[in-house]
1. Applying the selection to segment 54-75, what residues are within 19 Å of Glu18 (Cα to Cα) and not basic (Lys, Arg)?
2. Can you name the strands (runs of 3 or more DSSP E) wholly within segment 11-118 that have at least 1 residues being of a type in the set (Lys, Arg)?
3. Of all residues being at pLDDT 95 or above and of a type in the set (A, V, I, L, M, F, W, C) in segment 1-20, which is surrounded by the most Cβ atoms within 10 Å (Cβ to Cβ)? Just the residue, please.
4. Given the options Leu33, Leu86, Leu79, name the one that is in contact with a Cys (Cβ under 7 Å, 6 or more places away or on another chain) and open to solvent by less than 80 Å² (accessible area, probe 1.4 Å).
5. From the residues in segment 51-68 that are open to solvent by less than 20 Å² (accessible area, probe 1.4 Å) and either in contact with a His (Cβ under 9 Å, 6 or more places away or on another chain) or more than 16 Å from Asp13 (Cα to Cα) (or both), which one is modelled with the highest pLDDT?
Amino acid sequence: AVVSTQSGHYGRDRKAGEWIIKEGDPGQTLFALQEGQLEVIKNSKVLTVMGPGRVFGELAILYNCTRTASIRALTDCKLWALDRTLFQAIMMKTGQAKQKQHLDFLKSVKLLQDVPEA
């Protein structure tokens, strides 16, 4: 089941045994696990088990590459998904906010107050 909350951000329910991500597939979505247990599989070997609060799938979004591992639900799960466009918008706004913080700090340094902005 998919529950849409706003553009690019939606909830997904998965049943035990369902695949969320398959290694080698293209990736357009980042996921956050709200409830349940997931297993991470690479080259047919279980690497780890993830619980609530974990975020995954970001590598494919950040580096525009295929999925580097598979993720399968061990139990019924509730996930939140963010598509590439929304994720990039969030990262851009975060970067702009950090840049403003840095500029505000530099403006507060007495020695730099007379330096004109470019």
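The values are calculated or read from the model by the stated rules, or taken from the named source; none is laboratory data. Keep in mind that this is a model prediction, so the values were computed, not measured. Cβ sites come from the backbone with ideal geometry, for glycine too, and all protein chains shown count toward neighbours. Surface accessibility is based on the protein's heavy atoms, side chains included, excluding ligands, DNA and RNA. Shrake-Rupley method; radii C 1.70, N 1.55, O 1.52, S 1.80 Å.
1. Val55, Phe56, Gly57, Thr68, Ala69, Ser70, Ile71, Ala73, Leu74, Thr75
2. Ranges flagged: 38-42, 45-50, 70-73, 77-83.
3. In this case the residue turns out to be Ile20.
4. Criteria check complete, one pass: Leu33.
5. Gly57
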